[in-house]
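What follows is a short report on a single structure.
Every number here is computed from the coordinates shown, using simple stated rules; none is lab data. Worth saying up front: this structure is predicted, and the values here are computed from it rather than measured. Backbone-built Cβ (ideal geometry, glycine too); neighbour counts: all protein chains shown.
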Number of protein chains: 2
Amino acid sequence: MKRSVFFISDSTGITAETLGHALLAQFDDLEYRQVTIPFVRDSKAAEDAVDRINAAAHEDGARPIVFSTLTGSDLHRAVSASDGLVLDVFNAFLRPLEHELQRGSAHATGRFHGLVDRAVYDARISAVDFALKHDDGEGLKGYREADLILVGVSRSGKTPTCVYLSMQFGVRAANYPFTIEDVERDSLPEVLKAHQERLFGLTIAPERLCQIRGQRRPDSRYASLTQCRMEVRTVESLLRRERVPLLDSSTASIEEIATSILHRTGIERRVFP
Amino acid sequence: MKRSVFFISDSTGITAETLGHALLAQFDDLEYRQVTIPFVRDSKAAEDAVDRINAAAHEDGARPIVFSTLTGSDLHRAVSASDGLVLDVFNAFLRPLEHELQRGSAHATGRFHGLVDRAVYDARISAVDFALKHDDGEGLKGYREADLILVGVSRSGKTPTCVYLSMQFGVRAANYPFTIEDVERDSLPEVLKAHQERLFGLTIAPERLCQIRGQRRPDSRYASLTQCRMEVRTVESLLRRERVPLLDSSTASIEEIATSILHRTGIERRVFP
């Protein structure tokens, strides 16, 4: 049976999506079609959302699941009258918070991911700029300003991890890929030695690396399992010898890799976006 | 009164943070200190978390607020016995979902942001690679593979928006900054004309642009209010004339800009990370 899942919000819908996915991940083998409806800020938009939910109910022959972060009570009431199972993400928690904080909440639309804290915005942009300027062995002179320098073989997950660290946590992360020459030399490149305490290694299962590289350069020596095995083995043993912390990215999500790095290094995030 | 807010998870803590921030944004003038404790997967880690919550309660003279996404009932029970107001993000919704889906949930730790869907991972990495290769007017030849080409004056928010679109939605977004020469010519650059239907403009209040550019190059002509006003006015009128959709990034978060662009263009996301 097909299911439709809706994420409905007066803002971006990202909170509803994040919580909804986490909850649905608890159910094995659940197949569903996802629809996000952001910026539901007036009764016309709420009615359109209800029409889409009801159409999905009819088409699926099953009740759609609706994660709602609508804050306005009129909008919420409208969506609750749909044919979906409407889970009210906010109101379940606002009451205990109001009681504890001894004040009323605004019940205002678009509060989150809408109102901008300029200091947070600037810190994120500055960190993203840093990640882009110090990607893939670029900008070596800026390494002294890095919170972290990710090292590893080509395609071990360094770039997306640095970008995520900058965007989500405001952390200034550079990355340096070990070239074939670095691997063959089997010692830390000179440019990294001055920053050894800020190095963090990513490694990956050779089979997975071979698959990722194969998408990029099929049938190349670069993507061959023999080459991947040699590089991974050499770099892992080098990093262990140099006491650089090491994380296996093979089966982890970008979020998990980034969080693990902060957790293990104790690097403080600069922003809560 | 200072308040401490904890985000406690057996996985990354990102779900707890996202929901917690959205809820706390509903309370005006609330000052709080934030602590995320990820990877709470055994009783030792749960006890450590309880110690930190209780120490904060003592220090603040106020009950800490604890957003928990712990799935294991033993771990959850341990944290609930702390001195904090523990808000159980998951269990409030798992029961109605179990009833609706007519099956039990796994109550398993680390399900979200932990189990990796390789297709999603590969699509995200590929989109992030695309954004980096087509940043700031680079990689013009790849524009035919772009879902979207963001245009605007320098520092109008194009780069972080493209990076976010790629990471969060798997969308392939390039960006092209209007140079002084482009602005003076007052017509769409040749390279963009072939892709006009995929262009999307970002604009920004001249005062905000002046502030952002000033952080980068203080006291430059580039950062002067006169220059910023001229560039913004010229580019806005050019984009309106060419019927390129336009969004003002001045007071919006990166999340809101990115979501608005998908909403207005109808571009479909490739991933739900």
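Solvent-free Debye calculation, one equal scatterer per alpha-carbon of segment B:7-93: log10 I(q)/I(0) at 0.13, 0.18, 0.21 Å⁻¹ equals -0.37, -0.72, -0.98.
Label-point spacing at residue B:43 relative to the other copies reads 5.7 nm, in ascending order, each point sitting 7 Å out from Cα along Cα→Cβ. When its C-alpha radius of gyration is set against 2.2 N^0.38 Å (N residues), segment A:68-212 gives a value of 1.57.
How many angstrom lie between the Cα centre of segment A:224-269 and the Cα centre of segment B:145-165? Distance between centres, Cα-based: 30 Å. Each other copy holds its own label point for residue A:122; taking that point as 7 Å from Cα along Cα to Cβ, the gaps run 4.3 nm, nearest first. Counting every alpha-carbon pair across chain A, the share separated by more than 34 Å comes to 39%. Cα centroids of segment A:1-64 and segment B:1-38: 25 Å apart. Packing around the peptides A:140-148, B:228-236, taken as the average count of other Cβ atoms within 10 Å per residue, puts them in this order, highest first: B:228-236, A:140-148.
Sorted shortest first, the separations between the residue A:245 label point and its copies elsewhere in the assembly read 4.2 nm; each point sits 7 Å from Cα along the Cα-to-Cβ line. Relative contact order for chain A: 15 percent, from Cα pairs under 8 Å spaced at least 6 residues apart, divided by residue count.
As a proxy for reagent exposure, ranking A:90, B:169 by other Cβ atoms within 10 Å from fewest up yields A:90, B:169.
The value of relative contact order for segment B:118-265, using C-alpha pairs under 8 Å at least six residues apart, is 25 percent. Inter-chain neighbour count for B:32-42: the average number of beta-carbon atoms from partner chains within 10 Å of each residue's beta-carbon is 2.
Rounded to the nearest 500, the 222 nm mean residue ellipticity of chain A from helices alone is -14000 deg cm²/dmol, with -39,500 (n - 2.57) taken per DSSP H run of at least 4 residues. Is the shape of the protein assembly as shown best called rounded, prolate or oblate, per the rule: a/c under 1.5 gives rounded, else a/b larger than b/c gives prolate, else oblate, with a ≥ b ≥ c the square roots of the Cα gyration tensor eigenvalues? Rounded shape, in that the Cα axes give a/c under 1.5. Using a cutoff of 8 angstrom between alpha carbon atoms and counting only pairs six or more residues apart, the relative contact order for segment B:1-146 works out to 25 percent.
Take each residue of peptide A:165-178, count the partner chain Cβ atoms within 10 Å of its Cβ, and average: the result is 1. Among the lysines of chain B, pairs at least eight places apart or on separate chains and with Cα atoms under 25 Å apart come to 6.
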